[in-house]
1. Out of curiosity, is Glu306 in a helix (DSSP H, G or I), free of Cβ contacts under 8 Å to residues at least 24 places away in the same chain and either of a type in the set (Ser, Thr, Tyr) or more than 30 Å from Cys233 (Cα to Cα) (or both)?
2. Tell me whether segment 128-139 contains one or more residues that are closer than 30 Å to Phe218 by Cα, free of Cβ contacts under 8 Å to residues at least 24 places away in the same chain and surrounded by 14 or more Cβ atoms within 10 Å (Cβ to Cβ).
3. Does Gly125 count as within 21 Å of the chain's Cα centre (by Cα) and either at positive phi or without any contact (Cβ under 8 Å) to a residue 24 or more places away in the chain (or both)?
4. Conditions first: (1) farther than 27 Å from Leu314 by Cβ; (2) buried (at least 19 other Cβ atoms within 10 Å of the Cβ); (3) at pLDDT 90 or above; (4) of a type outside the set (Gly, Ala, Ser). Thr394 passes all but one, so which condition is the exception?
5. Within segment 97-194, considering only helices (runs of 4 or more DSSP H) that don't extend past its boundaries, which have at least 2 residues that are hydrophobic (A, V, I, L, M, F, W, C) and modelled with pLDDT of 90 or more?
6. Counting only residues that are touching a residue at least 24 places away in the same chain (Cβ under 8 Å), crowded, with 16+ Cβ neighbours inside 10 Å and of a type in the set (Asp, Glu), how many does segment 316-358 have?
7. Among the listed residues Tyr379, Tyr332, Tyr434, Tyr364, which satisfies the condition of being among the hydroxyl-bearing types (Ser, Thr, Tyr), at pLDDT 90 or above and over 24 Å from Met140 (Cβ atoms)?
8. If we scan segment 374-397, do we find a residue that is more than 27 Å from Asn284 (Cβ to Cβ), in contact with a Gly (Cβ under 8 Å, 6 or more places away or on another chain) and not in a helix (DSSP H, G or I)?
Amino acid sequence: MIVTGHRSFVFPYASLVIGLVLAACVASSARAELDYEFAKMLMDRDEPSFETDDLVERMAAQLEAQPATKMDARLIRATLFCKQAVRAGVEKRKALLDEAEKLYREILAGDKNYRLYATAEKEAGTINSRRATTMMKAAMDLEKTNPGEAKRMRAEAVATMGKIADGHKAEADQLIAKFKAVYDKYKKWGDEVNKKGELPVPPDMQKQLLGTFNPWLFADKRYIATKIEQIECRDDSDPAKKKEGEELAKLCETRTNQDDIMEFPTIVAWYNYMRGRAFAATQNEADAAKAWKDALDVRDEDMAPEQKKTVLALKKLILHDLVKMKMHAKKYGDVEQVIVEAKVDPALRTLFDEDAGKELMVDYAKALTLPPDAGSAEYEKAIKELRVQIQKETKGGAVTRWANDFSRTIAEMLEDARTNKPAARPKLSAAEWY
């Protein structure tokens, strides 16, 4: 394994954070406004060399003792349990999510004017999705050792995501009817009053259009995003996967051609991205590539800064999903090419500073070594790249989750070379081997 740094460099920072936590716990009511946000910052800072869970729990206990901050304490604990569930075992995940759901329900049953009520409501709505996600992860871990249990877990995840998707669709169907009634009036006004298109839209009509369009759009996007997750939960051998993927891709294409959506290029790009993702879920690479090309063809020269950010975010999502699709199809040469090109792209290379990009670096290293004809040169190249990533993650003595993941991947590669490809063993020193 890789030596990841010296813990001593972290201690001054730890002392500072502990001091800040204690200060936050005895802060005035004005400072209490930041309790939840500060706790989330601590959770995000959590890493093997500096674990923050205990600090967050101590902070929640202090807040629980004050009547004015009891709700904050519950919200912080619920958020912490959801975070811990991601890395817990199957049974522990279920228990943690059950506890988080109980806390969210207590908050939602209380004061509707609680300043973070909307946050609690939003997070509570993701619990079932989290259950399905953790169930799918467990199913994938068990596929080789217990295929029967893996199949059961996968089916449960599909059912859970389907129930969530059905709820979003019912909401979207209800909201689009309201929007359509207003939009029909708008079109009639345009045909009868604003024939030359020179008049501004009346303020009341504009307000009604936005007031019905935005709620429907958000509900429709939630439905499509959840439905794709359900499709991705299905096994490749499941006939429903291809059928549902094609149906969803067709719906996304319909959205891109709607009169009320076509004038918004970033919304059109989003639906094209999701259309490509639906095709990718069924390993239809050709149609996925076409859809993603349509999403990327949007011109952003005259866009506002926020719109440009949206387009860049979509480009990064497409890059991530393209690599995942290629890995699933075992087209490792394509993966290498895509990653190499993205790393020199001025905009896209920033992805590799994010979690999604770091995940792709693991895929890149595996893509170099998984082909049957991979030799010592490929192993050395993969290990060298992962060592560069580890150096970034251990800068200043920190040891992040990704440093451990990169180290684990190197260990797995070396073991694979040692046992399965003796001729491909990379030329490393004794220290590098162990």
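1. Spelling it out, Glu306 is indeed in a helix (DSSP H, G or I), free of Cβ contacts under 8 Å to residues at least 24 places away in the same chain and either of a type in the set (Ser, Thr, Tyr) or more than 30 Å from Cys233 (Cα to Cα) (or both).
2. Yes: one or more hits.
3. Yes, satisfied.
4. Failing condition for Thr394: (3).
5. 147-192
6. Qualifying residue count for the region: 2.
7. Only one candidate qualifies: Tyr379.
8. yes
The values are calculated or read from the model by the stated rules, or taken from the named source; none is laboratory data. Please read all numbers here as calculations on a predicted model, not as lab measurements. Ideal geometry is used to build each Cβ from the backbone, glycine not excepted, and the neighbour counts take in all protein chains shown.
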